[in-house]
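What follows is a set of notes on a single structure, which appears directly below.
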Amino acid sequence: MNFIIENWSLFLIAIASGAMLVWPLIKGATSGALTPARAVQLINREKAVLIDVSETEEFAQQHAGGAKNVPLGELEARLPAVVKNKAVPVILVCPSGGRAGRALPIVKKLGYEQAQVLAGGLKAWKEANLPVDKG
């Protein structure tokens, strides 16, 4: 007990570093981001629509199989024409997941309450050996 009292700063550092290691796991579990396997289930079972928010040139190079391209800058104007039924799940994807994360609040504001982001983006999609269409 005396050791703990004399070295309280070491214990504080150990607790803080442990919390920093665990934080990404907690954040990832609560962020609502989809795994590629869960995305495929939504596509197959609930007719989810895969929307790639990459720029047109990036989309032309490669994209997840079956994805529709609606660039982030054109999302508010074009998404209602691409996905008419707002009750259908919408899965947002981009090369890394960053733009899709920025697109999520926009899509939810448009009324697509079941919109979700593919965790890891196209990279995770490819790592899961799912189909990728190229140019």
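The values are calculated or read from the model by the stated rules, or taken from the named source; none is laboratory data. No experiment lies behind these values; they were computed from the predicted model shown. We place every Cβ from the backbone using ideal geometry, glycine too, and count neighbours over all the protein chains shown. Protein only, heavy atoms only, side chains kept; ligands, DNA and RNA dropped before computing areas. Shrake-Rupley method; radii C 1.70, N 1.55, O 1.52, S 1.80 Å.
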Filter segment 58-106 down to the residues that are touching an Asp or Glu at 6+ places or on another chain (Cβ under 9 Å) and of a type in the set (Val, Ile, Thr), then identify the one that is nearest to Gly121 (Cα to Cα). Val93
Would segment 19-28 turn up any residue that is at pLDDT below 90, among the β-branched types (Val, Ile, Thr) and more than 14 Å from Gly66 (Cα to Cα)? yes
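In segment 70-88, is there at least one residue being among the β-branched types (Val, Ile, Thr), more than 15 Å from the chain's Cα centre (by Cα) and open to solvent by 40 Å² or more (accessible area, probe 1.4 Å)? So that I can check it myself, show each step before the final result.
Going residue by residue through segment 70-88, those that are among the β-branched types (Val, Ile, Thr) are 70, 82-83, 88.
Checking the rest, the ones that are also more than 15 Å from the chain's Cα centre (by Cα) come to 70, 82-83, 88.
When the remaining residues are screened for being open to solvent by 40 Å² or more (accessible area, probe 1.4 Å), the result is 82.
Yes: one or more hits.
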Any residue in segment 52-67 that is polar (S, T, N, Q) and open to solvent by 70 Å² or more (accessible area, probe 1.4 Å)? yes
